[in-house]
Every structure is written in structure tokens, then in C-alpha cells.
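*Asks:* Got a structure here, written out as C-alpha cells. Questions coming.
The values are calculated or read from the model by the stated rules, or taken from the named source; none is laboratory data. Note that the structure is predicted; figures quoted are calculated from it, not measured. Don't worry about glycine lacking a Cβ; one is built from the backbone with ideal geometry, like all the others, and counts go over all protein chains shown.
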Amino acid sequence: MENIELNAPKRVSFHTLGCRLNFSESGTIAADFEARGYSIVDFGTESDVTFINTCTVTDKADSTCRNLIRKAHRSSPEGKVIVAGCYAQMEAEAISKMEGVDLILGTSEKYRVLDFLDEAQEQLIRVDQTNEFWEASTTLADKHTRAFLKIQDGCNYVCSFCIIPFARGRSKALPIKDVVRQARELVKNGYKEIVLTGVNIGEYEAKSGEKLSNLAQELINLEGLERLRFSSVEPNTFDQKLISVMKSSSKCLDHFHLPLQSGCDKTLEKMRRKYDSSFYEQLVSKLKSDYPDAGIGADIIVGHPGESDKDFNETVKFLERVPITHFHVFPYSKRKNTTAAKEEDHIQHHIKKSRVQAIVELGEKKLLQFSNDQLGKEASVLFERQDDEGLWEGYTSNFIRVKVSSNLDLKNSIKRVLLKTIESSQVFAEVL
């Protein structure tokens with residue numbers, strides 16, 4: 001019995017917070033653990049190592065990270081807890097004081113986790129950060145149906161509210177040939193859809209010397225790839241050439257995520273965004289002209305320092321008018337070292353909370369209307385999982401989540417469906 005325990009494979013659990021970029025990085029790190037002989041178990045179950053890939057974009061993200069650290073230590077008091085990524089990069093000292101934390105790794109160092117794990121006899125902090133580009137993508141180890149592929153990291157923008165350039169450093173990008181190499185491997189492993197990720201992939205050409213539109217064309221030409229999405233593209237970098245390339249192939253899906261942050265020009269200027277509301281509206285209008293059924297996602301921050309009731313109402317009116325379908329709403333969070341943090345006219349918490357709720361409700365109303373407008377139409381769906389009731393779930397090309405009843409195993413299959421009904425804001429379809 002003693003020998004069996006000694007020879008049993010070590011267990012590692014993962015929890016990933018934040019953006020799709022983080023998920024692509026966790027996938028690569030999970031594969032490294034598997035290659036070293038670890039078995040991956042669910043987070044919160046007993047494990048020898050727990051790896052928490054963190055986010056620090058908001059106060060809430062920081063709080064969630066701390067709660068996850070406590071949960072990891074409770075579930076595996078004898079196991080090692082590794083805290084890595086953006087929150088670790090920015091708040092290593094605070095994390096080091098938490099019970100149970102063995103290893104703290106920054107945004108670059110996390111890729112060498114196994115080396116540091118071998119070294120660490122006592123708590124080790126490594127957050128030196130380099131400008132090296134670390135490749136990352138979804139792997140079979142993390143069991144996602146859609147593959148996230150990292151093509152860019154870091155950011156050279158200086159938005160007033162954003163801490164990410166401090167956490168991830170200057171912008172850097174992966175050459176087209178290396179992106180295509182990784183994409184070919186993902187297709188070989190059975191992935192039908194690839195989502196290109198990064199902090200600011202609109203900076204791809206500035207750092208790689210190659211056009212994002214050319215990268216899109218190379219991936220369109222990749223045999224076996226059926227669907228291609230971009231996770232998020234800054235409005236000022238979404239050019240006509242990219243739109244033209246995407247329109248040339250049905251592989252490029254009619255779903256676009258365009259960070260907005262505010263519909264008020266005064267606030268956009270204070271945020272140091274690189275566009276105004278008119279530019280953004282014209283871009284959305286162009287995309288909807290080319291893709292009438294397009295889903296348009298937007299990040300929205302409310303309660304930026306100095307945002308008056310009048311400014312907020314301008315944002316509300318903008319969001320009511322412009323055909324944005326998927327809202328991602330955040331209250332402004334004061335982030336250390338950012339210019340907005342130094343402002344004096346910060347908005348009270350209860351006002352930010354009220355404004356968030358108003359925008360969330362508007363977003364739910366607009367998404368429901370968008371979904372209603374799609375009823376009676378056919379759509380292509382990549383099915384990902386079964387819910388607790390046995391219904392298969394997946395996303396249309398324009399990012400409507402649908403459910404269907406089927407006796408077949410639909411996981412990782414693309415099917416034509418008819419969008420039929422909406423119940424409790426959930427779209428139900430029928431496989432054709």
C-alpha cells in the first residue's frame with residue numbers, strides 16, 4: 001500500500017480568472033503539468049498543487065483571487081498553492097502574507113512554474129517580468145471546445161483606468177508563421193473554432209511588422225479550420241482591410257467585440273481612449289451593414305472619476321441607440337499607479353452600483369431583443385456541452401447561446417439549427 005501511494009501520479013488543479021488570454025495561457029501550462037506526469041483534477045478537490053491564474057482588472061477580481069487562495073488552502077492544506085499572473089505581478093507582497101501560499105509568479109514567470117516548483121523549499125516570489133513573448137493556446141488538457149490562441153501580449157496604450165500595461169508590460173506579438181504553426185496543431189487536435197486572443201491585438205502589426213488582415217487570411221486558408229473569431233479589437237485599429245478579408249470567407253464569424261468603455265466624449269477623453277463616440281458608432285454601422293445579423297460586444301466602465309449624471313446619461317442614450325448586443329459592464333476600480341487613481345472627483349460606491357445595474361438591465365433587454373429578432377432563422381452552432389437537463393448548448397456564429405434536445409452526442413460538432421423559441425431569456429433551437 002505504501003508503494004502505491006508513493007508511485008501514484010501527482011494531482012494538480014487549476015482555476016483561471018479574467019480574459020480569454022488567461023485561459024489560453026492556463027491551457028499551455030496545464031499541458032506542461034501533464035507532460036511532467038501530473039493528473040488534472042477539479043479545483044476545490046484535494047490536490048498536490050493548485051495553480052491560480054489571476055486577474056487584477058478590478059477590485060472585485062482582486063477579492064475573488066483572495067477567496068480562491070483561501071479555498072485552495074482549505075481543500076488541500078498539505079498541497080502547494082501557486083498564485084500567478086496579473087494580480088501576483090502587482091500585489092506579490094500582499095499575497096505572500098496569506099496563509100498557504102507557496103509560490104508567487106508574475107505574468108512572465110508563470111510559464112516556468114515547474115522549474116520554480118522544483119526549487120521552492122519555502123515561499124518563493126518571482127515577479128521580475130521580461131519582454132519575452134510566451135506562446136500559449138488551449139490544449140487538450142483543459143478540455144475547452146473552442147481553442148483560444150494567443151497572438152499578442154502587453155499594451156502600449158496609457159488608458160487612465162487600466163493597470164494591465166503595468167501587469168503585462170509593453171506590447172509584443174507572435175509572427176504569422178508561428179501563429180499558423182500553432183493553429184495547425186490545434187486543428188490537428190480536433191478544434192473546429194479558434195479565437196485569437198491578446199491584450200490589444202490591434203497592435204499586432206506595430207509589434208510583428210505583419211498585418212492582422214494577412215494573419216486572418218493565412219488562417220482562413222488553413223485546411224480543417226471551420227470557424228475563426230477575434231476576441232477583442234480596439235475600435236481605432238479595426239480597419240477596412242481586415243473587414244474585407246473577413247467578409248471574403250464564411251469561416252470568419254459575424255461576432256465582433258469592440259471595447260467602448262463610455263458613450264460620452266468627455267469621459268472618453270478623460271479615459272485617454274483613441275476614438276470618440278461618433279467614430280465608434282460609424283464603425284458599428286459599417287459592420288452591421290456588412291453583417292446584418294452581427295452580434296456586437298462592448299466593454300463598458302461606469303463611474304470613472306468625474307463622470308456626472310449628465311455624462312452617464314449620454315452613455316445610456318448612446319447604448320440605447322447603437323446596435324450593441326452583448327454588454328460587459330464594470331464599475332470603475334481605482335488601480336494603483338494609474339492616472340485616474342490620482343483624480344480627486346471619484347464617484348461614490350452606491351452611485352457606481354446603481355449605474356452598473358441600469359446598464360446591465362439595458363444590456364439584458366437589448367440581448368433579448370436581438371435574440372427575438374433571430375427567431376425563425378437558421379444558424380450554425382458549435383455545440384460545447386450538455387446542461388443538467390441533458391440539453392446540448394452551443395453558440396451561433398453571432399454569439400447567441402442556444403439549447404437543443406438531441407439523442408446524439410453533439411459535443412464539438414457544428415450543426416445547422418432553426419432558432420424557434422425563447423423561454424426565460426434562453427434560446428431554444430431544433431437541429432435541421
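*Asks:* So, of the residues in segment 109-135 that are part of a loop (DSSP other than H, G, I, E, B) and closer than 19 Å to residue 32 by Cα, which turns out to be farthest from the chain's Cα centre (by Cα)? Outline the logic, then answer.
*Replies:* Taking segment 109-135 first, the residues part of a loop (DSSP other than H, G, I, E, B) are 120-123, 127-135.
If we keep only those that are closer than 19 Å to residue 32 by Cα as well, we get 120, 132-135.
Details: 120: 31, 132: 21, 133: 18, 134: 17, 135: 16 Å.
Applying the filter and picking the extreme gives 120.
*Asks:* Out of the residues in segment 324-337 that are of a type outside the set (Lys, Arg) and under 11 Å from residue 304 (Cβ atoms), which is nearest to the chain's Cα centre (by Cα)? Steps first, answer last, please.
*Replies:* Step one: filter segment 324-337 for residues of a type outside the set (Lys, Arg), giving 324-333, 337.
Applying the additional criterion that residues be under 11 Å from residue 304 (Cβ atoms) yields 330-333.
Details: 330: 14, 331: 18, 332: 19, 333: 19 Å.
Step by step, filter segment 324-337, then rank; the result is 330.
Yes or no, residue by residue, for (1) of a type in the set (A, V, I, L, M, F, W, C); (2) closer than 22 Å to residue 190 by Cβ; (3) in contact with a helix residue (DSSP H, G or I) (Cβ under 6 Å, 6 or more places away or on another chain):
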position	(1), (2), (3)
364	no, no, no
383	yes, yes, no
392	yes, yes, no
413	no, yes, no
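*Asks:* A further question follows. Could you check segment 263-288 and list, in sequence order, the residues that are farther than 11 Å from residue 235 by Cβ and either at pLDDT below 95 or within 23 Å of the chain's Cα centre (by Cα) (or both)?
*Replies:* Scanning segment 263-288 gives 263, 271, 272.
*Asks:* Then there's this: Kindly indicate which of 213, 160 is under 28 Å from residue 87 (Cβ atoms) and of a type outside the set (A, V, I, L, M).
*Replies:* One residue alone meets the criteria, 160.
*Asks:* Then there is this: Among the residues of segment 182-200, are any among the small types (Gly, Ala, Ser), in a helix (DSSP H, G or I) and surrounded by fewer than 23 Cβ atoms within 10 Å (Cβ to Cβ)?
*Replies:* If we filter segment 182-200 for residues that are among the small types (Gly, Ala, Ser), which is where we start, we get 183, 190, 198.
Next cut, in a helix (DSSP H, G or I) only: 183.
When the remaining residues are screened for being surrounded by fewer than 23 Cβ atoms within 10 Å (Cβ to Cβ), the result is none.
No.
*Asks:* Among the residues of segment 101-135 satisfying the criterion of being among the basic types (Lys, Arg) and buried (at least 18 other Cβ atoms within 10 Å of the Cβ), which is farthest from residue 208 (Cα to Cα)? Let's see the steps before the verdict.
*Replies:* Of segment 101-135, the ones among the basic types (Lys, Arg) are 110, 112, 126.
Those left that are additionally buried (at least 18 other Cβ atoms within 10 Å of the Cβ): 110, 126.
Working: 110: 23, 126: 28 Å.
So, considering only residues that are among the basic types (Lys, Arg) and buried (at least 18 other Cβ atoms within 10 Å of the Cβ), the one farthest from residue 208 (Cα to Cα) is 126.
*Asks:* Filter segment 42-65 down to residues that are surrounded by fewer than 17 Cβ atoms within 10 Å (Cβ to Cβ) and free of Cβ contacts under 8 Å to residues at least 40 places away in the same chain and give me whichever is nearest to the chain's Cα centre (by Cα).
*Replies:* 63
*Asks:* For segment 136-156, give me each residue that is buried (at least 23 other Cβ atoms within 10 Å of the Cβ) and outside any loop (DSSP other than H, G, I, E, B).
*Replies:* Of everything in segment 136-156, those that are buried (at least 23 other Cβ atoms within 10 Å of the Cβ) and outside any loop (DSSP other than H, G, I, E, B) turn out to be 137, 147, 148, 149, 150, 152, 153.
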